[in-house]
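These notes are about the structure you will find just below.
The values are calculated or read from the model by the stated rules, or taken from the named source; none is laboratory data. Bear in mind that the values here come from a model prediction, so they are computed numbers and not experimental data. Positions of Cβ are generated from backbone atoms using ideal geometry, with glycine treated the same way; all protein chains shown enter the neighbour counts. Ligands, DNA and RNA are excluded from the accessible area calculation, which covers all protein heavy atoms including side chains. Shrake-Rupley method; radii C 1.70, N 1.55, O 1.52, S 1.80 Å.
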Amino acid sequence: MIQVRGLTKSYGKQKVLGHIDLQLQKGEVTAILGPSGSGKTTLLRCLNFLEKPNAGEIAIGDVTVNCKGAGKRDIHKLRQKTAMVFQNYHLFKHKTALENVMEGLVVVQKLLKADARARSQLMLDKVGLADKQDAYPSQLSGGQQQRVGIARALALNPEVVLFDEPTSALDPERVGEVLEVIRSIAREGITMIIVTHEMAFARDVSNHVVFMDDGAIVEEGPPQELFGSPKEERTRQFLKRMTQEWSYTI
Amino acid sequence: MGRRFDITFVYDFIPKLLGFLQITLFIVACSMLLGMVIGTAVALPRLFRIPVLQRVSRIYVSFFRGTPILIQLFLIYFGLPELLKGIHLDVTRVPALAFVILTYGLNSGAFISEAIRAAVSAVDRGQVEAAYAVGMSGFHAFRRIVLPQAAAVSLPAFSNLVIGNLKDTSLSFTLGVMEMTGKSQTLGLATQHFIEVYLSLSLIYLAISLALERLFALAERRMRLHEPDVGVLRNQ
Ligand SMILES: Nc1ncnc2c1ncn2[C@@H]1O[C@H](COP(=O)(O)OP(=O)(O)OP(=O)(O)O)[C@@H](O)[C@H]1O
Ligand SMILES: [Mg+2]
């Protein structure tokens with residue numbers, strides 16, 4: 001239901017993504033792993049055209065877009081199929097938690113205010129922030145802000161939610177609450193792509209793992225396989241390094 | 001020069017001058033409105049990096065920020081009609097007030113465009129991306145996310161501009177416009193109590209400046225409710 005074919009992206013002369021092919025099933029949680037600078041963020045941002053790919057094709061649900069000739073309409077359609085959770089939350093600072101969640105429903109999906117409000121309250125409740133609906137982002141902790149970010153994405157009822165390192169800007173003691181929320185929505189069968197450095201979480205929550213290096217997909221497969229018996233040397237090296245780092249921080 | 005200082009004249013002058021306050025405020029209001037339109041138009045090419053036009057904007061801003069407003073008044077009042085004669089447009093019957101408003105509008109437009117630019121850059125790019133990610137158009141992202149925050153950020157600068165503009169309008173008497181300062185000249189000449197006139201005039205300008213300052217501070221607090229730090233700073 002999500003299909004990427006021949007996606008490439010360069011910044012000037014620097015090739016960041018070289019011919020990415022990817023296919024994900026509905027209801028699947030995909031984790032994207034890889035060293036820093038391997039192009040994970042760029043790939044995610046190409047899917048909703050926050051970065052314009054140079055070439056390739058993206059199909060999400062019933063929308064297929066050829067990246068080369070993509071116009072405003074195509075981009076808008078694609079964005080309506082996706083929602084994004086950002087590393088630094090990027091909440092609308094002048095709006096309350098509830099208004100943040102409502103914004104897309106009212107402005108883009110043209111829901112009635114009352115319906116949008118009801119739906120948004122439901123979403124805030126889902127991420128455990130029903131009592132914070134009137135708080136401004138500046139009055140919330142990082143973990144709470146990120147949960148609002150997740151509610152904002154879920155409210156849109158997208159085909160796929162894109163997460164870019166949702167916990168890496170958080171204080172260590174706040175990481176757990178956000179991962180817990182993501183885990184609970186994963187159980188509801190919402191399609192997600194998660195870029196993360198949390199190996200244990202990726203292993204635990206995903207159905208599919210993609211390992212990237214140097215702008216290409218090196219290896220992909222179910223988590224048991226990729227973590228248990230990686231085929232590629234680069235994957236092995238990376239996982240070894242990550243688990244070492246992980247045990248140091250304990 | 002003039003007669004002996006006599007404070008009672010101040011009581012006499014203030015109401016007389018206040019009779020012309022409306023003209024002063026009219027100039028301020030019209031020129032600030034005009035300035036906002038011009039300021040927006042001038043800021044846009046630089047915000048969106050439109051080739052050629054952003055150069056024109058920069059030159060415009062440099063000129064109006066870099067020359068005395070008195071000279072700008074003279075240039076527009078005496079120069080513009082000459083220029084318009086070239087295209088056979090006769091503006092000799094247009095009142096001086098219109099030239100005053102035009103000059104102050106053009107002048108504050110330059111300053112307002114800079115305030116807009118600074119304020120828009122203060123809203124982080126990430127929020128715009130978040131707006132795009134939920135499916136908003138560029139227009140909606142600007143109007144619903146960037147503009148309200150930029151407006152709040154620019155309010156202190158805008159407040160300074162309005163108060164500066166209020167004081168600058170006192171120069172329009174040089175073109176013979178009968179606003180408060182113009183009236184003070186005639187009152188001074190008639191009574192020969194110049195010091196009292198200028199004292200009265202300062203008191204009025206001061207009172208209005210202070211009132212405007214309060215008003216903007218209130219507006220700012222309302223618009224920046226989402227930033228608790230603003231209130232904290234103010235209370236210190
Ligand atoms: N706007 C940009 N202009 C130029 N180069 C960029 C830009 N954004 C990213 N890059 C480059 O593209 C490459 C991939 O970056 P990307 O952010 O996708 O990596 P990543 O896998 O998400 O890394 P990290 O784990 O550190 O977040 C990097 O080499 C980076 O320097
Ligand atoms: Mg990244």
- Point-charge dipole on Cβ atoms (K/R +1, D/E -1) for segment A:1-99, about Cα centre, debye to 20: 360 debye
- Residue-averaged 222 nm ellipticity for chain A, from DSSP H runs of 4+ at -39500 (n - 2.57), nearest 500: -12500 deg cm²/dmol
- Message: With a 1.4 Å probe and all protein chains left in place, how much of the accessible area of segment B:22-139 comes from carbon and sulfur atoms, in whole percent?
- Response: 71 percent
- Query: Around A:MET84, which amide H atoms from residues at least 5 apart in sequence, or from another chain, sit under 5 Å from its own amide H, with H modelled in the peptide plane?
  - Reply: A:LEU162
- Query: What ranking, highest mean first, results for peptides B:124-137, B:16-29 when packing means the other Cβ atoms within 10 Å averaged over each residue?
  - Reply: B:124-137, B:16-29
- Residues whose built amide H sits under 5 Å from the amide H of A:VAL16, excluding neighbours closer than 5 in sequence, are A:LYS9, A:SER10, A:TYR11
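Against the globular-protein guess of 2.2 N^0.38 Å, express the Cα radius of gyration of chain B as a ratio, rounded to two decimals. Spell out each step's value before the answer.
On the way: Rg = 21.4 Å, N = 236, 2.2 N^0.38 = 17.5 Å.
Relative to the 2.2 N^0.38 Å estimate, chain B comes out at 1.22.
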- Accessible area lost on pairing A with B, both sides, 1.4 Å probe, Å² to nearest 100? 1900 Å²
- quick note, the protein assembly as shown, DSSP beta bridge pairs, % antiparallel (nearest 5) is 55 percent
- Apply the Kirkwood formula to segment B:22-139: the hydrodynamic radius equals the inverse of the mean of 1/r over all pairs of different alpha-carbon atoms; give it in Å with one decimal. 16.2 Å
- Which whole number gives the average, over all residues in A:92-104, of C-beta atoms from other chains lying within 10 Å of the residue C-beta? 5
- Task: Whole number in Å², please: accessible area per residue of segment B:22-139, 1.4 Å probe, ligands, DNA and RNA not counted.
- Result: 54 Å²
- Item | For segment A:154-250, convex hull of alpha carbons as volume per residue, Å³ | 118 Å³
- Task: Just grab the label-to-label distance for B:TYR198 and A:HIS76, each label 7 Å out from Cα along the Cβ direction, in nm (one decimal).
- Result: 6.2 nm
- Task: Give me the accessible area per residue for segment A:91-250, probe 1.4 Å, as a whole number in Å².
- Result: 46 Å²
- Note on the structure: Here the FRET efficiency for B:ILE50 versus A:LYS231, based on Cβ atoms and R0 = 56 Å and rounded to 0.05, is 0.60
- Can you give the angle from 0 to 90° between the axis of helix B:51-66 and the longest principal axis of chain B, with both taken from C-alpha atoms, to the nearest 10? 30 degrees
- Message: With θ taken as phi - 60° and the coefficients 6.51, -1.76 and 1.60, list the Karplus ³J(HN,Hα) couplings across segment B:3-13 in order, rounded to whole Hz; mark glycine and proline as x.
- Response: 8, 5, 4, 9, 4, 4, 5, 4, 4, 6, 6
- Query: Once amide H atoms are placed 1.01 Å from N in the peptide plane, what residues at a sequence separation of 5 or more from A:ALA55, or on another chain, have their amide H within under 5 Å of its amide H?
  - Reply: A:THR8
- Task: Which order do the peptides B:111-119, B:139-147 take when ranked by the mean count of other beta-carbon atoms within 10 Å per residue, highest first?
- Result: B:111-119, B:139-147
- Query: How large is ³J(HN,Hα), in whole Hz, for each residue of segment B:20-31 in order, when computed from phi with the Karplus curve 6.51 cos²θ - 1.76 cosθ + 1.60 and θ = phi - 60°, using x for Gly and Pro?
  - Reply: 10, 4, 4, 5, 4, 5, 4, 4, 4, 4, 5, 6
- Message: Positive end of the dipole of segment B:22-139, charges at C-beta (+1 Lys, Arg; -1 Asp, Glu), about the Cα centre: which of B:ALA29, B:VAL128, B:LEU47 has its Cα farthest in that direction?
- Response: B:LEU47
- Proximal aspartates and glutamates relative to B:LYS183, as straight alpha-carbon distance under 20 Å, when same-chain residues fewer than 8 apart are discounted: B:ASP6, B:ASP12, B:ASP168, B:GLU196
- Task: Express in whole angstrom the spacing between the alpha-carbon centres of segment B:87-109 and segment A:173-214.
- Result: 65 Å
- Task: For chain A, give the percent of accessible area contributed by carbon and sulfur heavy atoms, probe 1.4 Å, rounded to a whole number.
- Result: 46 percent
- Message: Given Cα positions, please report Rg to Rh for chain A, the hydrodynamic radius being the Kirkwood one.
- Response: 0.97
- Query: What ³J(HN,Hα) values, in whole Hz, does the Karplus curve 6.51 cos²θ - 1.76 cosθ + 1.60 give for segment A:96-103 when θ = phi - 60°, with x put for Gly and Pro?
  - Reply: 6, 3, 5, 5, 4, 6, 6, 3
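Distance check, please: which entries in A:LYS40/A:LYS68; A:LYS13/A:LYS93; A:LYS77/A:LYS231; A:LYS26/A:LYS126; A:LYS9/A:LYS126 exceed 31 angstrom between their Cα atoms?
A:LYS13/A:LYS93; A:LYS77/A:LYS231; A:LYS9/A:LYS126
Would you please give the FRET efficiency between A:GLN25 and A:SER184, computed as 1/(1 + (r/R0)^6) with r the Cβ-Cβ distance and R0 = 25 Å, to the nearest 0.05?
Computed FRET efficiency for A:GLN25 and A:SER184: 0.80.
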- Task: First measure r as the distance between the Cβ atoms of A:ASN157 and B:ALA41, then evaluate 1/(1 + (r/R0)^6) with R0 = 51 Å and state the FRET efficiency to the nearest 0.05.
- Result: 0.80
- Item | Sequence of A:HIS90, A:HIS197 from largest to smallest accessible area, 1.4 Å probe | A:HIS197, A:HIS90
- Item | P(r) histogram, all alpha-carbon pairs of the protein assembly as shown included - 20 Å bins from 0, percent | 19, 39, 25, 14, 3, 0
